[in-house]
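K.L.:
Please find one structure pasted underneath; my questions will follow.
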Amino acid sequence: MKYVTQSPKQTQILAGFLFAKILKKSHKNALVIALEGELGAGKTTFVQGLAKFLEIKEKIKSPTFNLIKYYSITDYGLRIKKSEKIRNSQFAIRKLYHIDCYRLRDHKDLLVLGIKDILGNSDNIILIEWADRVKKILPKKHIKIHIDHIDKNTRKIEVKI
Ligand code: ADP
Ligand code: MG
């Protein structure tokens, strides 16, 4: 699927829309969203959009110093969602993980931080910026989002589920 957005706000709204679309009824491991695209493409903006959708109040910034950051998702944040799909699913996502691999040497840096446990827990949704640098630890089943900078406010967003 391909989308074009004309503002950061539109990219944020798209993130929530896609989330509602991709949510599976049940999943054994964490849901993983791999974000690709150059600096300034809009990867962090996309994560902020999903965080807003899930009613996360904290401000999401790129985790420059901490490689991995997580945010708790409250019951309230989920209950008020209007989407039928979310209301009717055994929705169990409790934490949003935001990982930025820009400064990473390789996937081993994530292994020492316990990425295996994080990936193995179905309570988690994990968004990974520069995910192409840690391909080795990505589960086979993950969602790929590639963002291309077209001009100042236009982005092409390709989604592979
Ligand atoms: P990345 O994390 O990929 O490096 P950021 O999300 O931090 O990128 O930055 C994207 C920048 O591009 C922000 O300054 C944002 O305001 C701007 N921008 C302009 N148009 C868009 C758009 N359509 N979608 C996303 N970001 C956009
Ligand atoms: Mg970023």
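The values are calculated or read from the model by the stated rules, or taken from the named source; none is laboratory data. It should be emphasised that the depicted structure is a prediction, and the values quoted were computed from it without experimental measurement. Please note: Cβ atoms are built from the backbone with ideal geometry, for glycine as well, and neighbour counts cover all protein chains shown. In case anyone asks, the SASA skips ligands and DNA or RNA and just uses the protein heavy atoms, side chains included. Shrake-Rupley method; radii C 1.70, N 1.55, O 1.52, S 1.80 Å.
K.L.:
Which residue fluctuates the most in the chain, going by a Gaussian network model with Cα springs under 10 Å, if the choices are LEU127, LEU39, LEU54?
P.N.:
LEU39
K.L.:
Ignoring everything except DSSP H segments at least 4 long, calculate the 222 nm mean residue ellipticity for the chain; use -39,500 (n - 2.57) per segment, divide by total residues, nearest 500.
P.N.:
Taking each H run of at least 4 residues, the total per residue is -7500 deg cm²/dmol.
K.L.:
Something else now. I want to verify a result. In a Gaussian network model of the chain, Cα cutoff 10 Å, which of these has the top mean-square fluctuation: ARG94, ARG105, ARG133?
P.N.:
ARG105
K.L.:
First compute the accessible area of the chain with a 1.4 Å probe, then give the percent of it belonging to carbon and sulfur atoms.
P.N.:
C and S atoms contribute 52 percent here.
K.L.:
Please list 3J(HN,Hα) in residue order for region 30-40, calculated via the Karplus relation 6.51 cos²θ - 1.76 cosθ + 1.60 where θ = phi - 60°; whole Hz, with x for glycine and proline.
P.N.:
Per-residue couplings from phi come out as 5, 7, 10, 10, 8, 9, 10, x, 5, 4, x Hz.
K.L.:
For the chain, give the magnitude of the charge dipole about the Cα centre (Cβ charges: +1 Lys/Arg, -1 Asp/Glu; no others), in debye to the nearest 20.
P.N.:
420 debye
K.L.:
Kindly write out, for region 102-113 in residue order, the coupling ³J(HN,Hα) from the Karplus curve 6.51 cos²θ - 1.76 cosθ + 1.60 (θ = phi - 60°), rounded to whole Hz, with x marking Gly and Pro.
P.N.:
For region 102-113, the Karplus-derived couplings read 4, 9, 7, 6, 7, 4, 5, 4, 7, 4, 5, 8 Hz, x marking Gly and Pro.
K.L.:
In the chain, if the dipole is taken from +1 on Lys/Arg beta carbons and -1 on Asp/Glu beta carbons about the Cα centre, which of ILE125, SER7, ALA34 is farthest to the positive end?
P.N.:
Of the candidates, ILE125 comes out farthest on the positive side.
K.L.:
Would you mind checking which residues have amide H under 5 Å from ILE126's amide H? H placed 1.01 Å from N; only 5 or more apart, or other chain.
P.N.:
Under 5 Å from the amide H of ILE126 lie the amide H atoms of LEU31, VAL32, ILE33, TYR97, each far enough along the sequence or on another chain.
K.L.:
Using the heavy atoms of the protein chains and a 1.4 angstrom probe, tell me the accessible area per residue for the chain in square angstrom.
P.N.:
Roughly 57 Å² per residue, with all protein chains present.
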